Each structure stands twice: as structure tokens, then as C-alpha cells.
């Protein structure tokens, strides 16, 4: 019987995410040939794909595309495992293709099922081919489409695709959407969103459960500080008000005009343009945000468990 060492087993496991015993058996069956062992794992259905296709992808790129008439735009996050691979030209070309497909898709579309703009199959089929070629998992993690028939959509991408923002404005007079002042406000506000990461548009958008959660946090802090129980409600009310200004875009102090908040600047723009101006919506992506890398058991521990039966 062919002898295999634990380093070979580890390599095969890393490439396929299959179980330890399955990897050892596959290597024995393949007489130690790693590529044949990968094929055996795949054919037996012990792994969906090889070459780290089951690994966590948290690097990559955030990209945006706004229509030439500024009436719609998309923001897309495509992930890959390493920053090095994210700079690969083929990966970047794939990201551009995904953004292009998203721009013409309906907001609820599954991008993977759409035809790849360059041909050769669906976006997901091209993605799978690129996974095999680059040896790293690639995922189209999320995407958003915003539109505004009565205003404009604006995008801002920071740090080479690490942060992306999409913003939609609505105007009472749609003909004023192309005015330099309107475009400047959209650009400045998008940069504000990128820098200050607001969670909501206005105070009224804050869910009651979030307010309650913050109140509980402040209550615990005041108890720890030994503040009198009777004085806490007033203090908590003040803290909630301050917190709301930090997490709501229109309440935030402008990073460019620090003596004003965003809503005051919006109001001033409305007077300049002579028409109503409103922030219709926004979305902010931070690359890899919320992706939790799966904690796997220490390899040596797993080997010890296997040796113990």
C-alpha cells in the first residue's frame, strides 16, 4: 500500500476542504499523486470544488458604475482571498464585467446567472473558471442599484476599492440635476459617507430596537459610574441625542464645513438652485465588512484525534 505523509494530507485538505480521513484515503488510492487525489475527492462528491474554493474570501474590490444620464448607478463588492490576487488583471477585468452586468440588471437579479458581457457563459461560469486559474475563491458578495428619475445618482470609491459609496438625490426640478452646485453637493456628501460611515439617513429612520439597545448600554455605563438612578433618564436622553447625530447622515457635522451639518448644507443648496433638494438614499460598502473567517481546529489537534480513533 502506498505510504502518504501528513504534509500531503494537509495540502490536499487545504486544496479541497475535505475531511482528514477522506484526504488520506484519496491519496492512497491515487498512489500519492496530488492532482489525481483532488480528482478522486471531487468525483466522490467529498468537496464541491478544489484549490481553496471553500476558503473565506474577504479581500477583493468594491466598484461602482453610474449611467451617463446620472439617473441610476450600481455598487458591487467582489471578494477574493488575498490582496495580491485582487490586483491581478484578470480579476479586475472580471470585476468590471460584473459591474457592467449589474448596471443593466433589475435590482433583484442574481448576477451570477446573467450572461458574461464578454461571452463564454454566465458570470458564475466565468467566475468558476477564474477560481480554478487563480487558485483562490471568488465571490460576488453583494450589490446595490439606486435610481432617481428626478435627480441624480453619484458614486465615490476610495482607497482603490476598499470603500465604496452610492448616493441618490431627488430634486423638485429635475433639470437642475446637472448644475455644478448639485454635482458638488453629491460628491461632497458621498465623501462624507465614506469618511463618517453613517448608518441612517435621518433620526426617524433609527429603529426603536436600536434606540433601546443604546439606552441599555448607557444605563449600564451610568450604573458602573455610580450615577444616581433618578438622574439617569435625563443623562441617557442626552447621550441618545448625541449618538443619533453621529449615526444619521443629515445630522452629522460636515467634514468640509465643520460649523454646519449635512442637512443645513442641503438646505443652502436648495436656495441656490431654487428648487427642493433631498437625499433619497445611500449605501456604503467597506471591503470584507462583516465577513467572519471560519475558525478551524488546529491541524495538529485534528491529527491527534484521528490517531486516537
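We did not get these values from a lab; they are worked out from the coordinates using the rules stated. Quick caveat, the model's predicted, so the values are computed rather than measured. Because the Cβ atoms are built from the backbone with ideal geometry, glycine has one as well, and the counts that use them run over all protein chains shown.
Some notes on this structure:
- Efficiency of FRET from Cβ geometry, residue 67 and residue 36, R₀ 45 Å, rounded to 0.05: 0.35
- With the helix formula -39500 (n - 2.57) applied to DSSP H stretches of n ≥ 4, the chain reaches a computed 222 nm mean residue ellipticity of -13500 deg cm²/dmol.
- Neighbour counting of Cβ atoms within 10 Å sorts the residues 196, 159, fewest neighbours leading, into 159, 196.
- Relative contact order [Cα under 8 Å, 6+ residues apart], region 57-144, whole percent: 33
- Calculated log₁₀ intensity ratio I(q)/I(0) where the Debye formula runs over C-alpha points of the chain, q = 0.10, 0.12, 0.14 Å⁻¹: -0.76, -0.92, -1.06
- Principal-axis analysis of the Cα atoms of the chain puts helix 34-43 at an angle of about 70° to the longest axis.
- Each residue in 38, 283 was given a count of other beta-carbon atoms within 10 angstrom of its own, and listing them fewest first yields 283, 38.
- Extended-chain gain in nm, criterion 0.36 nm per residue less alpha-carbon gap, residue 11 and residue 289: 97.2 nm
- Modelled FRET efficiency - R0 35 Å, residue 209 with residue 271, Cβ distances, 0.05 increments: 0.40
- Alpha-carbon spread of region 171-265, three principal axes, descending order, Å: 56, 25, 19
- Pairs of Cα atoms farther than 17 Å apart, region 1-43, %: 9
- Using alpha-carbon coordinates, inclination of helix 89-103 to the longest axis of the chain, degrees: 50
- Considering only 160, 226, 100, the Gaussian network model of the chain with Cα springs below 10 Å gives its largest mean-square fluctuation to 226.
- Relative contact order, percent, region 96-209 [alpha-carbon distance under 8 Å, six or more residues apart]: 16
- Centre separation in Å (Cα based) which lies between region 153-177 and region 194-253: 28
- Relative packing of 180-187, 254-261, which averages over residues the other C-beta atoms within 10 Å, highest first: 180-187, 254-261
- For 35, 173, order by how many other beta-carbon atoms lie within 10 Å, fewest first: 35, 173
- Across the chain, the relative contact order, built from alpha-carbon pairs under 8 Å that are at least six residues apart, equals 17 percent.
- The convex hull built on the alpha-carbon positions of region 57-144 has an orientation-averaged projected area of 5.3 nm².
- Full extension of the segment from residue 142 to residue 253, taken as 0.36 nm per residue of separation minus the current Cα-Cα distance, would add 37.0 nm.
- Prolate/oblate/rounded call for region 233-278, Cα gyration tensor, a/c under 1.5 rounded: prolate
- Note on the chain: GNM, Cα springs under 10 Å; of 144, 189, 275, the largest mean-square fluctuation is that of 275.
- Computed from Cα atoms, the angle from the helix 262-273 axis to the main principal axis of the chain rounds to 60 degrees.
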